[in-house]
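Take a look at the structure set out below.
The values are calculated or read from the model by the stated rules, or taken from the named source; none is laboratory data. Remember, it's a predicted structure, so these values are computed and weren't measured experimentally. Glycine gets a Cβ as well: all are built from the backbone with ideal geometry, and neighbour counts include every protein chain shown. Note: accessible area is taken over every heavy atom of the protein model, side chains too, but ligands, DNA and RNA are not part of it. Shrake-Rupley method; radii C 1.70, N 1.55, O 1.52, S 1.80 Å.
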Amino acid sequence: MRAELPFRGYVRAIVQHQLLVPGVVLAILLLCQPATLHAQSSSGGPVPSPPPATPQPAAPAPSAAPAAEAPAGPAPTSPAPAPPAQLDVPAPPPPPVVDMQLVHSVIATALEFLGPRTLEPHSSRDFTLWGLGCLTALDPTLTFDSRGTNIQLLAGPQPLLSRPAPPADSVDDWARLATDFLEAARTHSAAVRSAERDDLLQAFFDELFNHLDPYSRYIGPSSASTDREARTGGEADAGITLAQSGRHIVVSAINANGPAWTSEIDTGDRIIAVNGQLTAGQSIATVTDWIRGPEDSALVLRLLSPGRRRAHTVTLRRSKVPPETVFAFASGPIVVLRVTAFSSDTAEEMSQYLDQATQDKNLRGLIIDLRGNRGGVLQQAVTAAALLLDHGVAAVTSGRDPQSNHIWAVQGGDMTNGLPIAVLVDGRTASAAEILAAALADHRRAVVIGSATLGKGLVQTVAQLPDEGELFVTWSRVIAPLHWPLQGLGVMPQICTSLGEADTNHALHTLASGKLANQAAITASRAARYPLSVPSILAIRKACPAALGNDRDISVARDLINHPAWYKTAITAIPDDVAAVPQMSAAP
């Protein structure tokens, strides 16, 4: 918009003020100057030039006394344009504050822990440069140059920071370098600057562990806290589960790990009062909250058992109860133990159920269902094997760290006195669950039914970090009692059910004739030795491909236990091994 008056306005003003002709000429000259004022755009963008002036008619000659004259005064002007509307854009939030000293402490602790424990040797330099790859992942304009004596952080071609490369195994120096580079990247890059501390560390360790095995990992403080509670139990309580039955709240399950297990509480009991508070009209959530409390504090429950007229009182001491991982039910003369994971009390739960089951003189066999069991605590798998083996080696672990090398031998007594055992597995059975299945099969103590298992034969050790996160580091390989590696290969079942019903029926018919249809794969899997090539692993596993379990598995297990001759044929399909206990060797 032009700031000056229109041409006619100037002429009119000249006439009104009776300017002389030279003044008229001067005004016209000023009007024709190219420098004009423009209104400013709030967006900072270009403002279009005004359209060219159109020719104006000649002004009349001034007269001494105009017929009509406006009062003397300043020339009228157009009203000033309103300022452009301003958008109400909220200010961006400030970047998160990151405690870089804590970041340094976490990285230094991790480098110290990783050094002697990974399966293959790597230096602090390797770990740090791998981890710093997270900066490129967060902001692709950031790169590193580590080819010379200095480590450089670059933004495109521009160096942002250069540091001399410390000695390869100097933990604290590399942790300091990592921290300095992270801080420099935060200063330069909005993408890195927007990351919270936990996100920054997660990105660092994700990139680091991308260069190792698939099971080593970092877990941030929040998730680590949840996992710890899952392993050890959360808030203290009685170890009972409640349900609604009509208008009443009743005990629907009792955790074998909890204080209620050995008390006079049974499933079906109605909860009348908790520490004197009546439960009538209360919700399950409210009553459950009443039952929880400080560890080792007193809990008084008033209960009414079905079929009784008089209520009874039970006093307990609250405790932290790990989640129940073993569930038992009877199927005629056969007991099924469903083991969902291996937590800190799994073997104890199995022991309690086995003790109850063996009280039945009509018990003919046991089915241990490990389908979908992703593993857990290795020691719990070994202890569970000890409940069913008189003696022998359950597993061997081998790694670089001397503390990772173990011969996990068991000696105790078979709680079932030699009863037939069938173990159900599928493609999701992993880790500690595979260790138990392999130990029972290799010692000819159980018949494995289902499909090839996942094949996770690597063991992790756990470090607690200064930020309350956790570092899971693979430090050993698992070797089965007959010396074959679990990693990649998994457990090959004696009876395969993953090839369809027709193939399963054929396997049972073959078993009835005194032979094992899957014998070749069983023999090949037990003859395998570390290191094993991928083609070799695939060639063995294709005989019984990994698959999800199905209802047919249970019926096959029942048939097997109900036919002792079939069971014996399947048991003896496992090769004899008279070799000495395998010697442990460090991982290459």
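Remarks
- Using C-alpha pairs below 8 Å separated by at least 6 residues, the relative contact order for the stretch 85-220 is 30 percent.
- Reach of LYS542 by Cα under 30 Å, taken over lysines that are not fewer than 8 positions away in the same chain: LYS456, LYS515, LYS568
- Compactness ratio for the stretch 400-489: Cα radius of gyration over 2.2 N^0.38 Å (N = residue count) comes to 1.28.
- Sequence-ordered 3J(HN,Hα) estimates for the stretch 322-331 from the Karplus curve with 6.51, -1.76 and 1.60 and θ = phi - 60° stand at x, x, 6, 10, 10, 10, 10, 8, 8, 10 Hz, glycine and proline given as x.
- A straight chain from SER283 to GLN158 at 0.36 nm per residue would run longer than the Cα-Cα distance by 38.5 nm.
- Neighbour net charge for SER451 - beta-carbon separation under 10 angstrom, K R +1, D E -1: +1
- Around ALA311: net Lys/Arg minus Asp/Glu count, Cβ-Cβ under 10 Å: +4
- Residue-normalised accessible area of the stretch 205-308, expressed per residue, 1.4 Å probe, Å²: 51
- Taking Cβ atoms as reference points and 14 Å as the exclusive limit, the residues near ASN210 contribute a net charge of -3, counting Lys and Arg as +1 and Asp and Glu as -1.
- The HN-Hα couplings worked out from phi for the stretch 335-348 by the Karplus form 6.51 cos²θ - 1.76 cosθ + 1.60 (θ = phi - 60°) are 9, 9, 10, 9, 10, 8, 6, 10, 9, 5, 10, 4, 4, 5 Hz, whole numbers, x standing for Gly and Pro.
- The stretch 347-505: equivalent-ellipsoid semi-axes (sqrt of 5 x gyration tensor eigenvalues, Cα, Å): 27, 20, 15
- Here the stretch 364-510 exposes an accessible surface that is 50 percent carbon and sulfur, computed with a 1.4 Å probe and the other protein chains kept in place.
- The coefficient of translational diffusion for the stretch 230-338, derived via Stokes-Einstein from the alpha carbon Kirkwood radius under 37 °C and 0.692 mPa s, stands at 226 µm²/s.
- Sequence-distant residues sharing a close amide H with ASP269 (under 5 Å, placed H): VAL251
- Restricting the trypsin sites (Lys or Arg not before Pro) of the stretch 464-546 to loop positions (DSSP other than H, G, I, E, B) with no more than 16 neighbouring Cβ atoms within 10 Å leaves LYS515, ARG529, LYS542.
- When THR288, THR383, THR315, THR262 are compared by accessible surface with a 1.4 Å probe, the order from highest to lowest is THR262, THR315, THR383, THR288.
- The stretch 120-165 - Rg (one decimal) and Dmax (whole number), Cα, Å: 11.1, 36
- Reduced Cα scattering model of the stretch 424-553, Debye log10 I(q)/I(0), q = 0.11, 0.14 Å⁻¹: -0.41, -0.61
- Tensor-based shape of the stretch 327-399 (alpha-carbon gyration tensor, a/c under 1.5 rounded, otherwise prolate or oblate): prolate
- Over the stretch 446-544, relative contact order from alpha-carbon pairs under 8 Å, at least 6 apart, %: 30
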